[in-house]
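The block underneath contains the structure these notes are about, expressed in structure tokens.
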């Protein structure tokens with residue numbers, strides 16, 4: 001259920017980000033004489049858009065780094081959980097091998113119990129690691145979508161500012 005919810009939320013943010021039509025700052029001065037005010041407004045708009053794009057790229061890189069780090073941590077936790085389970089199973093089966101013929105059935109039953117508990121514990125650790133990884137991935141997608149939306153807003157504002165100067 002958590003993965004489904006995480007996927008839906010990530011999809012929502014992604015669709016919102018793509019639905020925002022980025023307004024590119026295009027030179028509108030084709031039919032308008034290039035006055036000092038227009039040139040200055042265009043330069044200011046270009047500078048604002050460049051800063052927004054740079055900021056968006058920075059957010060993307062940071063989000064990707066967080067996801068990569070979370071993937072490494074999840075892999076380590078999973079490996080540790082499986083290693084601990086394997087050690088517990090090995091130890092239990094070694095006791096079965098050492099047991100007398102009379103105690104072999106009892107030791108085998110105990111080893112099977114240890115196997116089941118070790119597998120359950122490892123399974124829980126894997127699920128928790130995956131859940132945390134999914135959470136980080138969803139947050140990264142949200143961060144990227146927000147940055148993209150903010151960049152689109154800056155582009156639209158810059159375009160509007162240039163048009164306002166031209167209209168004067």
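Is it true that some residue in the stretch 96-106 is without any contact (Cβ under 8 Å) to a residue 60 or more places away in the chain, surrounded by 13 or more Cβ atoms within 10 Å (Cβ to Cβ) and assigned to a helix (DSSP H, G or I)?
Within the stretch 96-106, one or more residues are without any contact (Cβ under 8 Å) to a residue 60 or more places away in the chain, surrounded by 13 or more Cβ atoms within 10 Å (Cβ to Cβ) and assigned to a helix (DSSP H, G or I).
Tell me the residue from 163, 117 that is farther than 30 Å from residue 60 by Cα and in contact (Cβ under 8 Å) with a residue 40 or more places away in the chain, please. Write out each step before concluding.
Details: 117 fails: in contact (Cβ under 8 Å) with a residue 40 or more places away in the chain.
None of the others qualify; the one that does is 163.
Confirm whether residue 120 is within 27 Å of residue 134 (Cβ to Cβ), within 27 Å of the chain's Cα centre (by Cα) and modelled with pLDDT of 95 or more. If you could, list the steps in order and put the result at the bottom.
Details: within 27 Å of residue 134 (Cβ to Cβ): yes; within 27 Å of the chain's Cα centre (by Cα): no; modelled with pLDDT of 95 or more: yes.
The answer is no for residue 120.
Among the residues that make up the stretch 66-87, is at least one of them without any contact (Cβ under 8 Å) to a residue 60 or more places away in the chain, surrounded by 13 or more Cβ atoms within 10 Å (Cβ to Cβ) and part of a loop (DSSP other than H, G, I, E, B)?
No, the conditions are met nowhere in the stretch 66-87.
One line per residue, one yes/no per condition, for (1) within 23 Å of residue 142 (Cα to Cα); (2) under 25 Å from the mean Cα position of the chain (by Cα):
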position: 38; (1), (2): no, no
position: 45; (1), (2): no, no
position: 52; (1), (2): yes, yes
position: 60; (1), (2): yes, yes
position: 66; (1), (2): yes, yes
position: 69; (1), (2): yes, yes
position: 73; (1), (2): yes, yes
position: 79; (1), (2): no, yes
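Can you confirm whether the stretch 21-28 contains a residue that is farther than 13 Å from residue 146 by Cα and at pLDDT 85 or above?
No, the stretch 21-28 contains no residue that is farther than 13 Å from residue 146 by Cα and at pLDDT 85 or above.
Read through the list (1) at pLDDT 95 or above; (2) farther than 30 Å from residue 54 by Cβ, then give the number of the only condition that residue 137 fails.
Condition (2) is where residue 137 drops out.
The values are calculated or read from the model by the stated rules, or taken from the named source; none is laboratory data. Fair warning: this is a prediction, and the values are worked out from it, not measured in the lab. For neighbour counting, all protein chains shown are included, and Cβ atoms are generated from backbone atoms with ideal geometry for every residue, glycine included.
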